[in-house]
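These notes are about the structure you will find just below.
What follows draws every value from the coordinates through simple rules; no lab data is involved. None of the values given here were measured: they were computed from a predicted structure. Quick reminder, even Gly has a Cβ in these numbers, built from the backbone with ideal geometry, and neighbours come from all protein chains shown.
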There are 2 protein chains.
Amino acid sequence: MKKKITLKQIARELDVSVSTVSKALSNSKEISEDTTKKIQAFAKLYNYKPNNIALSLKNRKTKTIGILIPEIVHHFFSTVIRGIERVANRRGYNVIVGLSNESFTKEIINMEMLANGSIDGFILSISKETLLKQDYHHFNATINQGMPIVMFDRVVNEVECDKVIVDDFNGAVKAVKKLIENECKNIALITTMDYVSVGRLRTQGYLDALQAGGIEADSNLILKIDDSLDVENHIEVLETEIAHFFKSNPSIDGVFAVNELYAVTAMKVARKLGLSIPDDMQVIGFTDGVLSKHATPSLTTVSQHGQKMGEQSANLLIDRLEAEESETEQYFTNNEKKRDFIKMVIETEIIERESTK
Amino acid sequence: MKKKITLKQIARELDVSVSTVSKALSNSKEISEDTTKKIQAFAKLYNYKPNNIALSLKNRKTKTIGILIPEIVHHFFSTVIRGIERVANRRGYNVIVGLSNESFTKEIINMEMLANGSIDGFILSISKETLLKQDYHHFNATINQGMPIVMFDRVVNEVECDKVIVDDFNGAVKAVKKLIENECKNIALITTMDYVSVGRLRTQGYLDALQAGGIEADSNLILKIDDSLDVENHIEVLETEIAHFFKSNPSIDGVFAVNELYAVTAMKVARKLGLSIPDDMQVIGFTDGVLSKHATPSLTTVSQHGQKMGEQSANLLIDRLEAEESETEQYFTNNEKKRDFIKMVIETEIIERESTK
DNA sequence: TGTCAACACGAAAACGTTTTCGTTAAATAT
DNA sequence: ATATTTAACGAAAACGTTTTCGTGTTGACA
């Protein structure tokens, strides 16, 4: 078992000093051509690679970014990670992920675990419990310690940082408009509780689109699902709620759901009730994931562009990190151009499939 | 902006030495009660937390495990990550993830990037390209450098390390047996190319189960999909292949597919061809993911227990890491009990849903 | 009063780098 | 021949910890 070799060992073997080895490997012209060749050959032979941890300590940066998300078994979030990893990798960074599991406490623990030097900055999406509590002190605390944060999707005004969001409001508007154009007269909304900001925005879009279309909103046509308990394991509850909803409102001929699970479940329930999709009822969901693509009928959705969100987030974060860097270098200049915080909005579009006419 | 405080700063402020601060914070009885109180109070006030990187360098271990998988937007893999993160977190470890994107080169680059001190060990699943090339030198190289690896799902005999796999063979046997019991006479197999070991094992299970059931295997009833190009974006190709397959073999009344996407697509195609599921054709897939659960009709599957695989993998790795640790401590004893490599097999079970009778 | 243990703390090394600042010897300039 | 530059290298500090090994002061004891 050949343990990884260090500068010190190379130095000892070749009977030179550590500094000489280091310089030779970086092709410093302080070192003679002969010794440089010799050292480089030896290093190559033993497959020397500088130790990342030592570099991190010396440079006071880890070239690692921390991702903190509520859940990973989730098409949208994993898509975002893919996007982050893509640009991180391209720009020489690693990613370390923490899962909050929608829990306030786990979110804090994870942040503290990572904020102690392990990473250079965060990309995160807020957990439901945190949104419910409206307690954002941990975010502000880490920002105050000089660690930049980029928030995506579930963001909040109370924290000042770069943000990447999807245009939830307009996405919803587009979806509902489409249903109106397709001559739906009684358009229902299936949404979550209000505290998740994206749900609120999508609801607002629904209402505005109705008004713009000259349709009066009917609160009976809005179904709010309590997703505090994870829905994945309570499909039956979801199904019965929707079934009851449809039965009490037989006039419904169009449904806009704020996520694809609700939409697909709605289709399933509708068909059990003998309704044909899209003939008797048209359905549009938010978030374009696997379910939408492979459901029968396949689901018309508002695309959420998770990967793009991830890429943008990573670019924002790394840009800021590297700006900081050159900023401290030019500390003597009065070049105090702290970049303002950016709120990047990703446009949505409707992907038409079989669940609409 | 309050940057994180260090031992040195505390020492300077309180006019003691760094060593005193360190000892006081770890409640060493070398330090008087008075100064201990004072230092701890100060540390708490400034929210001192030891720097992880410095600790890593000193202890020569990072308390971080590296995950290297082919793809993250994938229900099975993300489930595994969730499992790993769960026990890693519980046992005081972080996880850093790299994606190979099914590419040999990216797999190597990622490994080298992480193997230089960033992590204590790997949990990984081999990329398709690597399996195709059958070039495993990078795995053996990192193992030789003293970095333990745990492989899951896509494993290979050529590398000596701990492994966690699902009982692919028996899973397939169970599925096909079930179809036979349900009186299917012409059972088709939809599988991948042979080089992915799991596909091969599942195929073998299919063949064995047929034989055990007294049914002669018919090579016409086996459809091999070339998944070298990612299927997600070539659904149409997949659909037409399956449609052609079904049309040329109208006798098929049962289908076993080696993943859920193939299974769900098969159902979709069958229905387009006017077949009713499960009456005219029964379908069972491998891997219990979102699609299986939410398809209509919902799909009977062989569960793959991704989360459990992740948990077991993490436990195996951490056990080995901590065994190594105590081993080097007791270096003077002749206690050379290197644990043998373990191959852990997770049992599968059939989850019955609507696609079978 | 002199010896020794206990107490409370500091100095320094170590982890693996990079970089600044010597230092020595040879080469060049005066 | 002397002064000065240059080439080639080493020593040491620094990043933030922990830990081993002093070291000085106090008090007890003979």
Longest principal axis of chain B (C-alpha) makes with the long axis of helix B:104-115 (C-alpha) an angle, in degrees to the nearest 10, of 20
Computed over chain B: longest principal axis from alpha-carbon atoms vs helix B:306-329 long axis, angle to nearest 10 degrees, is 40
Here the whole-number average of other chain Cβ atoms within 10 Å per Cβ of B:6-14 is 0
Excluding residues fewer than 8 positions from A:Lys272 in its own chain, the aspartates and glutamates with Cα under 19 Å of it are A:Glu236, A:Glu239, A:Glu241, A:Asp253, A:Glu260, A:Asp280, A:Glu354, B:Asp279, B:Glu354
Contact order relative to length for the stretch B:168-304, counting C-alpha pairs under 8 Å separated by 6 or more residues, stands in percent at 26
Cβ-Cβ cut-off under 12 Å around B:Thr130, Lys and Arg +1, Asp and Glu -1: the net charge is -1
Note on the stretch B:168-304: alpha-carbon gyration tensor, axes a ≥ b ≥ c; rule is a/c under 1.5 for rounded, else prolate if a/b larger than b/c, else oblate; result rounded
Of B:271-284, B:213-226, ordering from highest average Cβ density within 10 Å down gives B:271-284, B:213-226
Under a Gaussian network model of chain B whose springs join Cα atoms within less than 10 Å, the largest fluctuation of B:Asn315, B:Asn110, B:Asn51 belongs to B:Asn51
Taking Lys and Arg as +1 and Asp and Glu as -1, residues besides A:Phe152 with C-beta under 10 Å from its C-beta add up to 0
Only helices counted: for chain B, with every DSSP H run of 4 or more residues adding -39500 (n - 2.57) and the sum spread over all residues, [θ] at 222 nm is -14500 deg cm²/dmol
hull vol. (C-alpha, convex hull) per residue for chain A, Å³ -> 181
Highest GNM mean-square fluctuation among B:Asn27, B:Asn52, B:Asn170, for chain B with Cα springs under 10 Å, belongs to B:Asn27
By the C-alpha gyration tensor axes a ≥ b ≥ c (rounded if a/c is under 1.5, else prolate when a/b exceeds b/c, else oblate), the shape of the protein assembly as shown is oblate
Partner aspartates and glutamates whose C-alpha sits under 15 Å from that of B:Lys49, ignoring same-chain residues fewer than 8 away, are A:Glu112
Within the set B:Ala323, B:Ala172, B:Ala243, GNM on chain B using Cα springs under 10 Å gives the largest fluctuation to B:Ala323
Longest principal axis of chain A (C-alpha) makes with the long axis of helix A:197-212 (C-alpha) an angle, in degrees to the nearest 10, of 40
Label points for A:Ile342 built 7 Å along Cα→Cβ; distances to same position in the other copies, nm, shortest first, come to 4.8
Which of A:Lys133/B:Lys293; B:Lys178/B:Lys293; A:Lys58/A:Lys308; A:Lys268/B:Lys128 exceed 26 Å between C-alpha atoms? The answer is A:Lys133/B:Lys293; A:Lys58/A:Lys308; A:Lys268/B:Lys128
The set of residues whose placed amide H lies less than 5 Å from the amide H of B:Glu349, leaving out same-chain residues fewer than 5 positions away, is B:Ser303
Expected sort for A:249-256, A:115-122 on mean C-beta neighbours within 10 Å, highest first, is A:115-122, A:249-256
Given B:124-133, B:37-46, the highest-first ranking by average Cβ count within 10 Å works out to B:124-133, B:37-46
Note: B:50-61 gets an average of partner chain Cβ contacts (10 Å, Cβ to Cβ) equal to 5
Rounded to a whole number, the mean other protein chain Cβ count within 10 angstrom for residues of A:251-260 is 0
As straight-line cross-link partners of B:Lys38, the qualifying aspartates and glutamates (C-alpha separation under 20 Å, not fewer than 8 residues apart within one chain) are B:Glu13, B:Asp15, B:Glu30
So, over other residues within a Cβ distance under 15 Å of B:Asn27, counting Lys, Arg +1 and Asp, Glu -1, the net charge is +2
The simple spin-label model distance between A:Ala41 and B:Asn140, using points 7 Å out along Cα→Cβ, in nm, is 2.7
Phi-derived 3J(HN,Hα) across the stretch A:120-127 with the Karplus relation (6.51, -1.76, 1.60, θ = phi - 60°), rounded Hz, x for Gly and Pro, is 9, x, 10, 10, 8, 10, 6, 6
